[in-house]
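Each value in this text was obtained by applying a stated rule to the coordinates, not by laboratory testing. Given the structure is predicted, the values throughout are model-derived calculations rather than measurements. Every residue, glycine among them, receives a Cβ derived from its backbone with ideal geometry; neighbour counts consider all protein chains shown.
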Amino acid sequence: MNYSLTPAHFPIALTELSTAIEYVRKNAKEFHIDPDAIWVAGFSAGGHLAASLGVYWHTDFLQKYGYQAEEIKPNGLLLGYPVITAGKYAHRGSIVNLLGKDKANEIEYLNEVSLELHVDRFTPPSFIWHTATDDVVPVNNSLMFANALKQNDVKFALTIYPEGGHGLSLGTIETAHKSGHDIVPCVTNWPEKFVEFAKNVGNTFLSERK
């Protein structure tokens, strides 16, 4: 999904994502998809956007913009090396871009976008992966989100790979930059791990729906 970046600030991109989910769900029959199996994927700063919908979809924060919770609900999250926190382990540049320079120094707004503080039992099942050696977005971001999910009994899978920098995507030659530093074989199995997790969550959901 294309969404607005700086100088547009939080929560503009979040409302755009909400509108996209609403549109997809309302047109599920035309698109031949299950309206109760819509996952949102995001990587790095995009991971923050995806996770924001995950924690805010059912709250007054988005309903005040006219959204109905069940219409914008993500049924699952796929987060790759996500920006999560605006606290100690923040990627400061992402937070400044997200909030703007003025709000990025105000604790009220920093807490608002520290998503680990907003996880609850309504946060959807989440698949998360990161590398231990990410030198841009600290792996602590994923650990904090996973810990919050655990504390709220939300299903999740977390894979921390032992090596690799930031922005690896698939970790293959197809998604590598010219330098080739982001060809990292050990991370290339994350899509298969995600599919397995999504299938397990989907099977549980279908049995519960019956």
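Descriptive notes on the structure:
- Site-free segments of the chain were taken between GluC sites (Glu not before Pro) in DSSP loops having at most 13 other Cβ atoms within 10 Å, sites themselves excluded; the longest one is 1-105.
- Sequence-distant residues sharing a close amide H with Ala41 (under 5 Å, placed H): Leu78
- Set Lys26/Lys193; Lys101/Lys178; Lys73/Lys150; Lys73/Lys199; Lys29/Lys73 screened for pairs whose C-alpha atoms are more than 24 Å apart: Lys26/Lys193; Lys101/Lys178
- Chain lengthening between Asn2 and Glu163 when straightened (0.36 nm per residue, less Cα-Cα): 55.0 nm
- Surface/4 of the Cα convex hull for region 1-115, nm²: 7.0
- Within a Gaussian network of the chain (alpha carbon springs, distance under 10 Å), most fluctuating of Pro191, Pro74, Pro11: Pro191
- What the pair-distance distribution of region 145-200 shows, using all Cα-Cα distances binned every 10 Å from zero, is 22, 40, 29, 8, 0 percent.
- Taking only alpha carbon atoms, the chain gives an Rg to Rh ratio of 0.96, where Rh is the Kirkwood radius.
- Most mobile of Tyr65, Tyr109, Tyr161 in a GNM of the chain (Cα contacts under 10 Å): Tyr65
- Gyration tensor (alpha-carbon) shape descriptor, region 23-73, a/c threshold 1.5: oblate
- Equivalent ellipsoid semi-axes, region 99-173, via Cα gyration tensor eigenvalues times 5, rooted, Å: 24, 20, 9
- Evaluating 6.51 cos²θ - 1.76 cosθ + 1.60 at θ = phi - 60° for every residue in region 88-102, the Karplus couplings come out as 4, 9, 5, 8, 4, x, 5, 5, 5, 5, 5, 9, x, 4, 5 Hz, glycine and proline recorded as x.
- Take each peptide in 33-39, 175-181, count the other Cβ atoms within 10 Å of every residue, and average; sorted highest first, the result is 33-39, 175-181.
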